[in-house]
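The values are calculated or read from the model by the stated rules, or taken from the named source; none is laboratory data. Computed from a predicted structure; not experimentally measured. Neighbour counts are summed over all protein chains in view; Cβ atoms, including those assigned to glycine, are modelled from backbone coordinates with ideal geometry. The accessibility values were calculated without ligands, DNA or RNA, using every heavy atom of the protein model including side chains. Shrake-Rupley method; radii C 1.70, N 1.55, O 1.52, S 1.80 Å.
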Amino acid sequence: MARGDLSGKILKLFREQPAGFVSGALLSRELGVTRAAIWKQVERLRQRGYQIEAVSSKGYQLLETPDLFVADELAADLGNTRIGRQLVCFEDTDSTNVQARRLAEDGCADGTVVIADRQTAGRGRLGRGWVSPAGVNFYGSIVLRPPIPAVEASQLTFLSAVATREAIAACGALLPTMKWPNDILLLGRKVAGLLNELDAETERVNFVILGIGVNLNMTADQFPADLRYPATSVLLETGTPVLRLTFARRLLQRLDHWYQHYLQDGFEPVLRAWEEGCDLVGSEVEVDCRGILRRGTVTGLDSDGALLLRTAASPRERILAGDVRRLS
Ligand code: BTN
């Protein structure tokens with residue numbers, strides 16, 4: 001079910017009166033529905049954890065807000081950002097990437113964001129799943145329509161990594177590192193994954209979907225036993241729970257910052273930020289390229305996002321896909 005409908009509008013009006021009551025008459029006038037309909041929505045909001053006081057002569061007052069993704073709540077403070085100017089929040093959905101693709105195919109605007117509280121068919125890389133329980137993490141997908149050729153689309157993976165790293169860093173004292181190409185790690189364990197999907201013609205990008213999953217408040221028992229990599233959450237590493245709404249706002253702001261920068265100045269600044277946050281540059285690694293192993297020293301990223309290695313055979317070997325393991 002999508003959020004951000006009548007209940008979202010009611011919350012928006014509450015927020016515009018943070019220190020006082022909003023009368024039922026005003027709500028019903030502003031939203032064009034009966035006072036009984038307002039009452040019904042207020043009851044629904046209470047069931048979702050919003051504490052709303054009702055006083056017959058004064059109206060309603062919002063006392064406490066639960067940590068849920070509601071489009072209008074999230075839009076507050078985003079300002080004039082391109083990312084998030086259209087926002088869709090789901091209580092649950094199959095996969096935010098699937099929903100974002102649907103919106104993109106219907107022509108949604110550049111910067112449209114889809115967020116879910118829970119995914120029933122969360123997707124990971126290489127056909128794997130992404131465990132997506134309710135109420136604890138961030139699952140979101142952003143539709144971008146940059147005026148770039150299809151061969152440059154992979155640059156956006158690094159843009160989303162840099163923005164996600166900064167949003168996680170702002171949660172606490174720990175600075176995450178980035179593992180080429182799609183993972184974000186806290187103390188060597190995977191805390192976030194990126195799944196970017198491209199729709200393009202030969203010459204140009206139609207749209208790119210940046211899928212971002214961040215383990216925020218997940219506890220050890222919520223991780224499946226058979227994960228390929230050691231995984232963690234911000235809560236497990238810092239001991240402090242993260243307010244998901246605040247995290248989502250911050251992430252969208254960082255994405256907006258980097259996207260505007262990218263559109264104006266190209267890939268170079270993103271590449272520099274990525275290399276700064278990737279602790280692999282200068283290290284000896286082994287890369288498993290679908291069963292073929294490559295060994296070398298990481299020297300950086302190429303302009304299309306390929307990993308650059310200095311190997312025994314070549315001073316500049318380009319790796320387009322593979323799993324990296326550090327040797328030194
Ligand atoms: C990975 O395998 O590391 C990538 C995981 C990406 C998960 C996110 S959660 C939001 C978005 N919707 C999905 O179905 N997948 C991505």
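About its Cα centre, the chain has a charge dipole of approximately 460 debye under the convention of +1 per Lys or Arg Cβ and -1 per Asp or Glu Cβ, with nothing else charged. Computed across the range 113-201, the Kirkwood radius stands at 14.3 Å (inverse of mean 1/r, all Cα pairs). Straight-line reach from LYS190: taking Cα to Cα under 21 Å and skipping same-chain neighbours fewer than 8 places apart, the lysines in range are LYS179. Surface listing: TYR262, TYR229 arranged by accessible area from highest to lowest gives TYR229, TYR262, probe 1.4 Å.
Shape verdict for the range 71-172, please, from the Cα gyration tensor: rounded (a/c under 1.5), prolate (a/b greater than b/c) or oblate. Verdict is rounded for the range 71-172.
Taking 19 Å as the straight-line reach from the Cα of LYS12, the lysines in range (excluding those fewer than 8 positions away in the same chain) are LYS40, LYS58. Between HIS257 and ASP221, the modelled label-to-label distance comes to 3.8 nm, taking each label 7 Å out from Cα in the direction of the beta carbon. Taking the dipole about the Cα centre of the range 1-153, with the C-beta of Lys and Arg at +1 and of Asp and Glu at -1, give me whichever of GLY79, PRO149, VAL22 is farthest to the positive side. Final value for the positive-end residue is VAL22. Remark: relative contact order (the chain) = 13 percent; criterion is Cα-Cα distance under 8 angstrom and separation of 6 or more residues. For the chain, take the longest principal axis of its alpha carbons; what is the angle in degrees between that and the long axis of helix 244-265, to the nearest 10 within 0 to 90? Orientation of helix 244-265: about 50 degrees from the principal axis. Based on the Stokes-Einstein relation at 37 °C and a viscosity of 0.692 mPa s, and on the Kirkwood radius from alpha carbon pairs, the range 284-326 is assigned a translational diffusion coefficient of 325 µm²/s. What percentage of the solvent-accessible surface of the chain, computed with a 1.4 Å probe over protein heavy atoms, is contributed by carbon and sulfur atoms? Carbon plus sulfur share of accessible area: 49 percent.
Relative intensity of the range 179-269 on a log10 scale, I(q)/I(0) at q = 0.10, 0.13, 0.16, 0.24 Å⁻¹, equals -0.36, -0.59, -0.83, -1.32, per a Debye sum over C-alpha point scatterers of equal strength in the absence of solvent. Straight-line cross-link reach from LYS9 at under 13 Å between alpha-carbon atoms covers these aspartates and glutamates, not counting any fewer than eight positions away in the same chain: GLU30, ASP72, GLU73. Over the range 6-64, the Kirkwood radius and the radius of gyration, each from Cα atoms, give a ratio Rg/Rh of 0.90.
Which value, in Å², gives the accessible area per residue of the chain when a 1.4 Å probe is used on the protein heavy atoms?
Counting only protein heavy atoms, the per-residue value for the chain is 46 Å².
Histogrammed with a bin width of 10 Å, the alpha carbon distances of the range 23-95 distribute as 16, 39, 35, 9, 0 percent, first bin at zero. At q = 0.14 Å⁻¹, what is the base-10 log of I(q)/I(0) for the chain according to the Debye formula with one equal point scatterer per Cα and no solvent? Please give it to two decimals. Results for the chain at q = 0.14 Å⁻¹ read -1.10. Reducing the range 146-188 and the range 261-283 to their Cα centroids gives an inter-centroid distance of 9 Å. Shape summary: the range 226-308 maps onto an equivalent ellipsoid whose semi-axes, from the alpha-carbon gyration tensor, are 28, 23, 11 Å in decreasing order.
At what distance in nm do the modelled label points of ARG118 and THR246 sit from each other, each positioned 7 Å from its Cα along Cα→Cβ? With each label placed 7 Å out from Cα toward Cβ, I get 2.6 nm.
Between ARG290 and SER314, the contour length at 0.36 nm per residue exceeds the alpha carbon distance by 6.6 nm. Let me test this: with uniform point scatterers at the alpha carbons of the range 1-136, what is the Debye-based log₁₀ I(q)/I(0) at q = 0.14, 0.16, 0.17, 0.22 1/Å? For the range 1-136, the Cα-only Debye profile gives -0.72, -0.89, -0.97, -1.31. The C-alpha atoms of the chain define a longest principal axis, and helix 96-105 lies at about 90 degrees to it.
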